[in-house]
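Each remark here refers to the structure printed beneath this line.
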Amino acid sequence: GGMAGKLLYVLICIFIVTAVSNGVNLTDGLDGLAAGTTAIAAVALAIFAYVSGNVIFAEFLNISYIPKAAELTIYCGALIGACVGFLWYNTYPAQVFMGDTGSLMLGGAVGVLAMMVKKELLIPIFCGVFLVESLSVIVQVGYFKYTKRRSATGEGKRLLLMAPIHHHFEKKGLHETKIVVRFWIVSIMLLIMAFVTLKLR
């Protein structure tokens, strides 16, 4: 497209990277939560990169063939390795912590990789945990502000016990580790869903 098309594309790219970075950042609230879910997202990207860079697989799955995408598979492999190696010390009780430096970088990498393998539309699926974490904060804050404006006493109501949503389950009395592992399981199921979409189209 023309200039407007290019500008729109740049804005979409910025939005995707920002959204995923923020999602990972918000997810990074319990020991091992962000590291594990990012590793799983990176596995999804590694497979996407591998099949996109292989003519036969790309044709069979009816996805766009991206020459040299196999190189990205190596990068994804490094990303998985980094997350899993970090997770070794980051699982409950954590000896090392990720913080903004790690979570924003990982989210940025995931967002950019998804765009490079032209699978940015699948981000809501294989990054579903990050999406739900972000939405939980948006909904919580929005609902609180709305009820605060509407109430006579000027007190806001909360939908969740605490946002982001992993803390809601913690307040419900679930053990931290249980929440984290369940979120990993959900991530794995979402990863499988992302691949099912490839043959469903």
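The values are calculated or read from the model by the stated rules, or taken from the named source; none is laboratory data. Being a predicted model, the structure only gives us computed values, none of them experimental. Counting neighbours? That spans all protein chains shown, and the Cβs are built from the backbone with ideal geometry, glycine included. Areas reflect the complete protein model, heavy atoms only, side chains present, ligands, DNA and RNA absent. Shrake-Rupley method; radii C 1.70, N 1.55, O 1.52, S 1.80 Å.
Some notes on this structure:
- Cβ-Cβ contacts under 8 Å between residues 6 or more apart (or on different chains), taken from a first residue in region 172-201 that is within 14 Å of Ile123 (Cα to Cα) to a second residue that is surrounded by 13 or more Cβ atoms within 10 Å (Cβ to Cβ) and among the polar types (S, T, N, Q), are listed as Ser187/Thr37.
- Region 115-140: number of residues that are in a helix (DSSP H, G or I), over 20 Å from Gly36 (Cα atoms) and in contact (Cβ under 8 Å) with a residue 40 or more places away in the chain: 4
- Only residues that are assigned to a helix (DSSP H, G or I), open to solvent by 40 Å² or more (accessible area, probe 1.4 Å) and either farther than 13 Å from Ala42 by Cβ or of a type outside the set (Phe, Trp, Tyr) (or both) were counted across region 86-96, and they come to 2.
- Residue in region 5-14 that is within 23 Å of Met189 (Cβ to Cβ) and either in a helix (DSSP H, G or I) or touching a Leu at 6+ places or on another chain (Cβ under 9 Å) (or both) present: no
- Condition check for Glu133: under 18 Å from Asn25 (Cβ atoms) and of a type in the set (D, E, K, R): yes
- Residue check, Ile47 of a type in the set (A, V, I, L, M, F, W, C), open to solvent by 60 Å² or more (accessible area, probe 1.4 Å), farther than 27 Å from Glu170 by Cβ and touching a residue at least 60 places away in the same chain (Cβ under 8 Å): yes
- Per-region count, region 97-119, residues more than 22 Å from His168 (Cα to Cα) and open to solvent by 60 Å² or more (accessible area, probe 1.4 Å): 6
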